[in-house]
Amino acid sequence: MEVKEYVKLRKEELRQEVLAMPHTPKLIIIQANDNPASDAYIRGKLKDSAEIGFVGVLDKRDPSISEEELLKVVKQYNEDPSVDGLIVQLPLPKHISEEAIKMAIDPKKDVDGFHPLGDFIPCTPKGIVNYLSHEGFEFTGKNAVVVGRSNIVGKPMAKLLLAKNCNVTQLHSKTSREDMEFYIAHADLIVVAVGRLALIDKSFKYKPDAYVVDVGMNRGDDGKLHGDCEPGLPVALQTPVPGGVGLLTRLALMENLLEATKK
């Protein structure tokens with residue numbers, strides 16, 4: 001099933017769940033940047049919230065806000081019983097510590113899944129694993145290669161695949177081409193999250209039944225969005241860019257919000 005179809009199906013299931021709930025889940029998004037990509041992500045999150053029947057609220061602050069002030073805003077929402085989920089849109093201005101803000105969010109409301117004491121799985125890995133499960137991918141004993149080691153995708157992705165009993169290899173910018181070729185040729189699942197246009201292309205050998213998940217978002221010379229993988233790789237499944245992992249990430253955020261509300 002195409003990612004778009006799967007997301008549509010899941011959103012309808014969530015909508016039905018919300019209709020039966022006594023309390024409407026409420027999501028607060030704090031934004032303290034002037035970033036066009038962030039604006040687009042937030043529009044998508046608010047659109048999803050409205051479609052499912054959640055209350056989605058954007059609290060936009062001036063990027064000149066001090067760290068102390070932003071921490072006060074976070075505290076206010078932490079203490080508000082009507083708020084079920086709270087996220088602070090990244091990136092933050094340079095004078096504000098992302099780590100300090102992440103740690104300040106109540107773990108019970110951290111629907112992004114970044115707080116180390118939280119119960120929620122980070123949205124991108126969660127969305128990917130749920131989609132692959134729906135598509136019938138059997139994780140146990142499979143060789144999974146994660147290309148990238150960021151704190152938002154690469155590391156939590158590898159951790160989640162280990163929890164699903166995969167044999168996980170993590171590659172990165174310092175991995176040699178020779179090693180990359182070896183691990184990709186033996187991989188049942190390849191998740192690429194580096195931010196380099198067409199890093200993984202048809203010059204590599206693949207298992208014909210491999211699954212490739214492209215997390216990359218790169219603006220090409222043509223002005224369009226492209227992934228980290230060349231389209232049309234000779235594999236069983238490859239997620240598109242755009243219309244792939246971005247949608248799965250937003251869906252996982254909505255799933256985490258519903259979970260937070262139930263708790």
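Structural remarks
- The rule of thumb for compact globular proteins, 2.2 N^0.38 Å, goes into the C-alpha radius of gyration of the chain 1.03 times.
- With contacts taken as Cα pairs under 8 Å at a separation of at least 6 residues, the stretch 61-185 carries a relative contact order of 16 percent.
- GNM on the chain, alpha-carbon springs under 10 angstrom: the most fluctuating residue among V83, V111, V147 is V83.
- Taking all protein chains together, H115, H186 sort by accessible area into H186, H115, largest first [probe 1.4 Å].
- 5 angstrom amide H check on G56, placed H, neighbours 5+ away: L27
- Accessible area (Å², 1.4 Å probe, nearest 10) - C229: 10
- Take every DSSP beta bridge whose two residues both sit in the stretch 175-263; close to 20 percent of them are antiparallel.
- Charged neighbours of P22, selected by a Cβ distance under 15 Å, balance to +1 (K, R count +1; D, E count -1).
- The stretch 54-172 shape via C-alpha gyration tensor axes, a/c threshold 1.5: prolate
- Over the stretch 1-69: Kirkwood hydrodynamic radius from C-alpha pairwise inverse distances, Å: 13.9
- GNM top mover of P156, P116, P231 - the chain, alpha-carbon springs below 10 Å: P116
- More than 16 angstrom apart: percent of Cα pairs within the stretch 197-262: 54
- Pairs from K45/K202; K8/K207; K45/K109 whose Cα-Cα separation, in the structure shown, is over 23 Å: K45/K202; K8/K207
- For the chain, calculated [θ]222 nm from helices alone, where every DSSP H run of n ≥ 4 adds -39500 (n - 2.57): -12000 deg cm²/dmol
- Spatially proximal lysines relative to K205 (Cα-Cα < 23 Å; intrachain offsets below 8 disregarded): K142, K174
- Area accessible to solvent at E17, 1.4 Å probe radius, in Å²: 70
The values are calculated or read from the model by the stated rules, or taken from the named source; none is laboratory data. Computed from a predicted structure; not experimentally measured. When we count neighbours, we look across all protein chains shown, and the Cβ atoms used for this are built from the backbone with ideal geometry, even at glycine. These area figures cover heavy atoms from the full protein model, side chains too; ligands, DNA and RNA do not enter into them. Shrake-Rupley method; radii C 1.70, N 1.55, O 1.52, S 1.80 Å.
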